[in-house]
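See structure below.
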């Protein structure tokens, strides 16, 4: 078997199997030249009089100008949310539910358009925005819509009440999906929101403002302020907010926690990760290889719960790495709008530089790098799917979140050693376990200090399934009944 | 005429199941006794002990944790007069003992009330269960001396956390008397630790400690003190906890993580 495999690895997998381009049409999306802020149900010109350009990371072409909200703009958005709160929170919950159901439906109806927009603005492959981001975003609204008029059944012996104005800051890796994770439960619980999309991916949020118009969301219930980190800082510092929910880097999460110290404002944080994907010798290896690839190369590795540390049982290390490399050679890197693309563009130049810097450290510290042969487009920001073997736990590539398509392979001998290595991190967002032994999945799951543990799968998400971290990966849960708690107070 | 002098107790720290003096050799005269004045190093020792205790305590079955805490109620009841002497009296002791019994019963019910099985759209059995967050620092409230401490420490312990208590500066003896009940209750060494001394000296060290997972600042009040601790807590994203309800499973939940497991289903 080993010999056959060796022969296969030497064949460039692409030869003779080149796909014809299968581009998704971008006609379905028409961006405006300029987007103002979405405040009080209207698009308004920013008081800051300042704008920035959102570019496509795959072509570097400018897509649209977007407002850079300043302190005054943020204050207006918070005022609008405050103004809408009294009315919205006293709506009959069953009617509030209908607004969310409508949003879910509009997202489904416009999913093709939104998926293309997401891939254009963020660089992720169309097959992911089409098959993952959009269906999950719609499902999230559908799920929480149903909770809106059932909240008193969610927490025995407690009387749930909305908090007020929720300040929500989302990242650039799943722009619309993270927006859904934030807005759906907040609205279902009767809060109003001010959402700040990421600087590099503001456009689907601005399209969502139009979804709100179609769904007849009352003015001021959803407000969207675009801008860079300074806009987020204005939002967190604003004294009219009652709640902060942040998804992003651990560094910024800590700054927000510090900023809120002593203010008594409920906070939920969904931060970074360095997840272990643990493969035992008895696992279905080909299935595990698919899971490893999905774990780290899905969305270019721009995933907080990415399986960026592969822990392989020593006895199968060579065989598994061989299979993995062969599979990596079939990954198609390129145009996000091509339906055959597996790995799209790196979201920004800054992120590409961070990935390159960490990858360089991996080589310097003595790990062994492998990258499959791969032709990259000339324009845009790209990084070849990469795997490092001979990685030590002390290497930066085994400790720091790379947030790119870079996998570090480590080995273990016993289940106890696997647990110890998996938990040897400041993070604790997710983990994966591959074995044919059900009892071992549960034994491992018990011991892994992580908020989500995937058995024989990876990077699965569902609106009914709570998601969130241990340790420095943050606190609070999004999704499921538990996700409601972040947006309620109890009398 | 013969005189018999009572044998006075020396109040020391409680770390890793033992009653050491402060490594610094310092004491403070509080409540008529020389009470150990713990140092930064004592704080670090207590956290190391708590991390060890956490493994044992969280590794016990929920049923077992419930029984051990029920036994704590028993040992407190038999030491009622000693406890009454360091708080407002017998009635407070009774309240505290009843509270321990109430929380003990929650140990093996938490997962059913706070957890869930989640109907995901795919071939997975998906469930969420509560787990302890790890080492919890508790800034003990000043009043009530005993029941106030029990109301914060026991909900943290029921779910399997190990605690390091910074005793009240006003009433440090209650914390040490409670430690003596705990020492005879089968609570594993290190699952409960007490530091006495100056709060301003000890609390910030715990709030900034990188191997502490959560800090209960209820006892620090709502003044600038608590705010400063909260800011330090951000260094490793500690969970910052405050009492919300008098007695509730949701008080236990404040010290818990929710773990979601996707287990495959297939032929």
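What follows draws every value from the coordinates through simple rules; no lab data is involved. This structure is a prediction, so every number in the text was calculated from the model and none was measured. Glycine also receives a Cβ, built like all others from the backbone with ideal geometry; neighbour counts cover every protein chain displayed.
Quick notes on this one:
- Each of A:212, A:374, B:87 was scored by other Cβ atoms within 10 Å of its Cβ. Listed from fewest to most, they are A:374, A:212, B:87.
- Residue order, fewest to most beta carbons within 10 Å, for B:29, B:77: B:29, B:77
- The stretch B:182-213 and the stretch B:160-176 have Cα centres lying 7 Å from one another.
- A simple spin-label model places the labels of residue B:48 and residue B:3 4.5 nm from each other, with each point 7 Å out along Cα-to-Cβ.
- Ratio Rg/Rh [Cα only; Rh per Kirkwood] for the stretch B:27-264: 0.98
- Per-residue [θ]222 nm for the protein assembly as shown (sum of -39500 (n - 2.57) over DSSP H runs n ≥ 4, rounded to 500): -12000 deg cm²/dmol
- Each of A:488, B:149 was scored by other Cβ atoms within 10 Å of its Cβ. Arranged with the fewest first, they read A:488, B:149.
- Taking only the C-alpha atoms of the stretch B:177-267, Rg followed by Dmax gives 17.0, 62 Å.
- Mean separation of Cα contacts under 8 Å (6+ apart) over length of the stretch A:273-455, as relative contact order %: 31
- Counting only DSSP beta bridges with both residues in the stretch A:273-455, the antiparallel share comes to about 10 percent.
- Rounded to whole Å, the principal axis extents of the Cα atoms in the protein assembly as shown read 111, 68, 46, largest first.
- DSSP bridge pairs, chain A: antiparallel proportion in percent, nearest 5: 35
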